[in-house]
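Some notes on the structure that comes next.
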């Protein structure tokens, strides 16, 4: 039913950007700063912006809660995430390390920009890897390699190549013990006595 | 139509969370982010009911009923997914019911005429004639229900506030489950479908902007 789709409750529980509620929830009256155009779109000064999932509205709604003990506005969360630079991807690969020496890494890479392209083997200097990721560079490690333009807020465009390794959570003792037990069970099953 | 001038993506989970956990030190201790990133993280607020901090490429905001992480850097779409998989691999018993895999894009339009034309194509003004003097499209949301996995795709289109003249397109891939192991089901979708949803968002934009107007 349409009325359910647009109810306030429904919007509170949705997984999209919060700001969409401000615009879509049928609040009466136009936002301030609207300049109507005779056709096409209206210019809405208070309409969307990138990163509005962190709007002040959310903070207010959450902290006031249903028990009503908190004051109406207690926290001022910045309304949007403002990145310092903008990265325009030209080409992106996902790679897996297949060999590593003191100076070089060998990897198989898959083109994520053109998934139909065949896998390729590449060799690159270990210097290309950020120091904080070098500890992760070992056979089997997965990384993302992007080439593109970085535009600074000052308008400077720089061609950039970045490598970032996939990070997986540290194994807990419990998980290690469980894995050991499973390995032992398999071993018992497979090894003839 | 070329690639978006600006883009971003976010992953939102609706459920029950303990915001206090989500601090840079926790991410560092669990190898979820680079140690240097955690040390340099800009903390906006750490509170029992809200946690919010950002690094150079991502922002995390966790409320009692909502977890959201986002990046405005297309280079980091996959690390964003891995981060969420890592977090909820550790917090595997978190009660979660819904997930949104969202994408935002700002496209530059070649001219004001094209910009108006696109608005006209989406929302013809004829039905409004006689009742409004200068009707103009402010925002449009189209929803397409999905049976499997349960949820919907919602596309919102507006005039871009960042680019003039420009179009803003936001795609919300919404998933929701009831019953047991919801988090596990959602994480499988995230793991297997993230790249697909990013590509699907591109296709939606390409399809709409590629029309005649």
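Determine by what factor the alpha-carbon radius of gyration of region B:103-213 differs from 2.2 N^0.38 Å, reporting the quotient.
Dividing the Cα Rg of region B:103-213 by 2.2 N^0.38 Å gives 1.30.
Could you pull the Cα extents of region B:1-98 along its three principal axes, largest to smallest, in whole Å?
Taking max minus min along each principal axis of the Cα atoms, region B:1-98 gives 44, 32, 23 Å.
Averaged across A:131-141, how many Cβ atoms of other chains sit within 10 Å of each residue's Cβ atom? Could you put the intermediate results ahead of the total?
Working: counts 2, 5, 1, 0, 2, 2, 0, 0, 0, 0, 0.
Partner Cβ neighbours, averaged per residue: 1.
Evaluate the Debye formula for region A:89-193 with equal point scatterers sitting on the alpha carbons, no solvent, and hand back log10 of I(q)/I(0) at q = 0.11, 0.13, 0.15, 0.17 Å⁻¹, in q order, two decimals.
Once normalised to I(0) and log-transformed, intensities are -0.52, -0.66, -0.79, -0.90.
How big is the gap, in Å, between the Cα center of region A:120-180 and the Cα center of region B:160-184?
After rounding, the separation between the Cα centres reads 27 Å.
Any idea what diffusion coefficient region B:126-182 gets from Stokes-Einstein, in µm²/s, Kirkwood Rh on alpha carbon pairs, 37 °C, 0.692 mPa s?
For the chosen part, D equals 231 µm²/s.
Tell me the relative contact order for chain B as a rounded percent, counting alpha carbon contacts under 8 Å between residues six or more apart.
22
For A:92, B:162, what ranking results if the residue with the fewest other Cβ atoms within 10 Å of its Cβ goes first?
The fewest-first ordering by Cβ neighbours comes to B:162, A:92.
Could you pull the Rg and Dmax for region B:43-101, using just the Cα atoms, both in Å?
11.8, 32
So what's the projected area for region B:76-127, the Cα convex hull averaged over all directions, in nm²?
Directional mean of the projected Cα hull area for region B:76-127 stands at 6.8 nm².
Using a 10 Å cut-off on Cβ to Cβ distances, tally the other chain neighbours for every residue of B:75-82 and report the average as a whole number.
Across the residues of B:75-82, the mean count of other-chain Cβ atoms within 10 Å is 6.
What average number of partner chain Cβ atoms lie no more than 10 Å from the Cβ of the residues making up B:195-201?
Neighbouring Cβ atoms belonging to other protein chains average 1 per residue here.
Which of B:58, B:13 has the fewest other C-beta atoms within 10 Å, and how do the rest follow up to the most? Present the calculation step by step, with values, prior to reporting the outcome.
Numbers: B:58 22, B:13 27.
Placing the least packed residue first, the sequence is B:58, B:13.
Write down the Å³ per residue value for the convex hull defined by the alpha carbon atoms of chain B. Before the final figure, lay out each step's value.
Numbers: hull volume 31.7 nm³, N = 213.
Here the figure is 149 Å³ per residue.
Rank these for me by crowding, B:26, A:93, B:128, going from fewest to most other beta carbons within 10 Å.
Taking fewest neighbouring Cβ atoms as first place, the list is B:128, B:26, A:93.
Read the figures in this text as sums done on the coordinates, not as results from a lab. The shown structure was predicted, so the numbers you read here are calculated from the model rather than taken from an experiment. Every residue, glycine among them, receives a Cβ derived from its backbone with ideal geometry; neighbour counts consider all protein chains shown.
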